[in-house]
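For reference, the structure is listed below as structure tokens.
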Amino acid sequence: MNTKYSYLKQECYEANIELNNLGLVIYTFGNVSAVDRANGVFAIKPSGIPYEKLKPEDIVVLDYDNSIVEGALRPSSDTKTHAYLYKNWDHIGGIAHTHATYSVAWAQAQQDIPIFGTTHADHLTADIPCAQPMKDSLIEGDYEHNTGIQILDCFEERGLSAKEVEMVLIGNHGPFAWGKTAAKAVYNSKVLETVAQMAYLTLQINPNAPRLKNSLIKKHYERKHGNNAYYGQ
Ligand SMILES: [Zn+2]
């Protein structure tokens, strides 16, 4: 069935399947969305549908105020968080949320993930931020919308740029990652999970492992993202 937003639903569907194929979700605990900036809408996975049963036409399309534009199913319970981020960060094209084990472990421990190595530095120069667990007033209010506020507040308080740091942990909950496309958001979710696992293992081997030195942080980030980027692995 071809509809106005078939292409957007297809992009969102493929990103959700990839998130599952990468082993980042169990049961239905994950969601990816894809945005169409020209039309001011985004597509997101429906709530509670197992990945093996998911079809492109099941994907729900909404505007940034959470009104359904296309789709018969209930959108993911995290939809309002996605909408809030799209509304406030107009450069992002896709968002992914998982409950991947190592990312969640750091979120539950309420710890930023320190930059220990070049795998981390290839993607971002900062520690991966862990936002504070949400206050009771925010939990009791519009929880999913307020999760979006929690992410933005964390970036503002720390002076972080969502263009340079494309991932965050929410204390006691888990990771959100974003990027220029839904596929890039999924990629960043996998990078985050891998870096989280590597950092955990690093601290097991040496609890006093030092952070990566600045010269290596700069070298690795800039050869991939700087004006004279030459590195593509
Ligand atoms: Zn969640």
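The values are calculated or read from the model by the stated rules, or taken from the named source; none is laboratory data. All of these numbers come straight from a predicted model, not from anything done at the bench. Don't worry about glycine lacking a Cβ; one is built from the backbone with ideal geometry, like all the others, and counts go over all protein chains shown.
If you go through segment 16-65 one residue at a time, how many are within 19 Å of SER6 (Cβ to Cβ), of a type in the set (Asp, Glu) and not in a strand (DSSP E or B)?
Count: 3.
Cβ-Cβ below 6 Å, separation at least six or inter-chain, first residue in segment 72-98 and in contact (Cβ under 8 Å) with a residue 40 or more places away in the chain and on the phi < 0 side of the Ramachandran plot, second within 12 Å of the ligand (Cβ to nearest atom) and of a type in the set (D, E, K, R): which pairs?
Listed by first residue and then by second, the contacts come to ASP78/GLU144; LYS80/GLU144; THR81/GLU144; HIS97/ASP78.
Which of the residues spanning segment 22-48 are within 16 Å of the ligand (Cβ to nearest atom), among the aliphatic types (A, V, I, L, M) and over 14 Å from the mean Cα position of the chain (by Cα)?
The answer is ILE26, and nothing else.
Answer yes or no: is there a residue in segment 156-170 that is part of a helix (DSSP H, G or I) and surrounded by 15 or more Cβ atoms within 10 Å (Cβ to Cβ).
no
Any residue that is surrounded by 13 or more Cβ atoms within 10 Å (Cβ to Cβ) and basic (Lys, Arg) - is there at least one of those in segment 9-19?
yes
Whether any residue in segment 63-73 is closer than 28 Å to TYR27 by Cα, modelled with pLDDT of 95 or more and among the aromatic types (Phe, Trp, Tyr) is what I want to check.
yes
Do the conditions hold for THR98, that is, is it within 30 Å of PRO207 (Cα to Cα), within 16 Å of the ligand (Cβ to nearest atom) and touching a helix residue (DSSP H, G or I) at 6+ places or on another chain (Cβ under 9 Å)?
Here the answer is yes, as THR98 does meet what is asked.
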